[in-house]
1. Name the residue, out of B:158, B:59, B:105, whose mean-square fluctuation peaks in a Gaussian network model built on chain B with Cα pairs under 10 Å.
2. Give the angle, between 0 and 90 degrees and rounded to the nearest 10, that separates the Cα long axis of helix A:120-133 from the longest principal axis of the Cα atoms of chain A.
3. Defining a contact as two alpha carbons under 8 Å apart and six or more residues distant in sequence, what relative contact order in percent does chain B show?
4. Need one value for A:269-282: mean number of C-beta atoms belonging to other chains within 10 Å of its residues' C-beta atoms.
5. Give the separation of the Cα centroids, region B:1-65 to region B:180-234, in Å.
6. Taking beta carbons within 10 Å but only from partner chains, what does the mean come to for residues B:54-64?
7. In degrees from 0 to 90, rounded to the nearest 10, what is the angle of the helix A:87-118 Cα long axis to the longest principal axis of chain A?
8. With everything on Cα atoms, drop me the angle between helix B:169-186 and the longest principal axis of chain B, reported from 0 to 90° to the nearest 10.
């Protein structure tokens, strides 16, 4: 245990402490000019007075971690869960978009990879488009998707999930094409000696072997899905979701709002990655300790 | 009845610069219950011949019958079990489930599959390892599993491609003995590729000596050794005489050049 502390926890804690210290210093340096300008000229002056003023700013340029945390907890516990001021509700909307889009992207990505692996024509014709699709900036395509889908009656979750799907199918397709092609020639020969059908080769060999590729691809897709969900929430006229809060915060100089959204977006991504890791852990366990 | 009948088999691979003749005018018959070894140096086409019998490599020309039908039809009827150079186990399946893989493909119900796997593990001394995973076993154990897997659906023909090539000599001796007893007890037909002279002489009823460039059959040696064999047979004059014949045949084929 002490070895573990020394090897892992201590370096991490040191770096964290240094980052926090740098953050507080930066917060003071960035906020002090504004705080000084707002100070009562007849009141007390000097370093401690400025520090106190920095501490109690409503809209600091760079809020400190404790201010962000206080503000976030305040938003979560002092508002009803149904209030748009409650960050948990906004996180729920973003999570809904991310998870729905991720499911769409995974289904589409796996289906596409299966097609590519089994058909030379698809391999030649579709793969360049798959790669090409990711060269278009998502920020450019998101508003167009919203407008186009909105015109044919899809509003709310569907167009946002479509944007997330568009981002997250890519790592899954690429990973699964590689994964489904990863059986060794000898393993494929073996299946041939059993006169196994294409379906049997897929379910008994290609699919299980590709799990070692699907899970890392899913982790990348999860990270993309949260980014995608936030981008998808920007052009909707800023109504719901962490993306909308981020946009509103930047409009009105509400740094707390922006930082709150940021913290929860990263917490959301970490939670989703945790779920993938849980699946990975379970699969590893079922396979005797190796993936 | 002849299990394998090959006449004037030719297999040519189109390599980058020029075609490579892997097999040239190979004739071979294997009778039911025979244990035939294919022996020769690397590149003599012994593995190619075995793969052709298994319909894993297509013929360029010639006539090949397995169980009286074409090699492809025989493969479709799952006429043979095949043991590869490497165990080729599925690492995500435990030993029992590796052995039941072909039975799953045959849609055998689960209790029957497990019953059969248990029998085969017993046969190969694997009973204690059913729940282990392939990477938890030694190379020799893994190759036993792959033999158990090949035997699981009770094929009457067993094709083996240098199954013990990667193993140490002690393990190899042990598995040779095991394989010999298995063959004697089941009466199945075996075709066995090897580059070890003692292994070929110990196991076989007939030894097919092959030579490279182009791959062809040099000589077929019938053994006069007793049907029931123990490892110390290898020190007897009869054994040494046959091993000598094999070595001479290989020398004639310039295999030692």
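Coordinate-derived values only; no laboratory data. This one's a predicted model, so the numbers in the text were calculated from it and none came from an experiment. Virtual Cβ from ideal backbone geometry, glycine too; neighbours counted across all protein chains shown.
1. Among B:158, B:59, B:105, the largest GNM mean-square fluctuation belongs to B:105.
2. Its long axis makes an angle of about 10 degrees.
3. Details: 494 pairs, mean separation 65.9, N = 257.
That works out to 26 percent.
4. What the average comes to for A:269-282 is 0.
5. 17 Å
6. Numbers: counts 3, 3, 5, 1, 0, 0, 0, 0, 0, 0, 0.
Partner-chain Cβ atoms within 10 Å, mean over residues of B:54-64: 1.
7. 20 degrees
8. Approximately 80 degrees, to the nearest ten.
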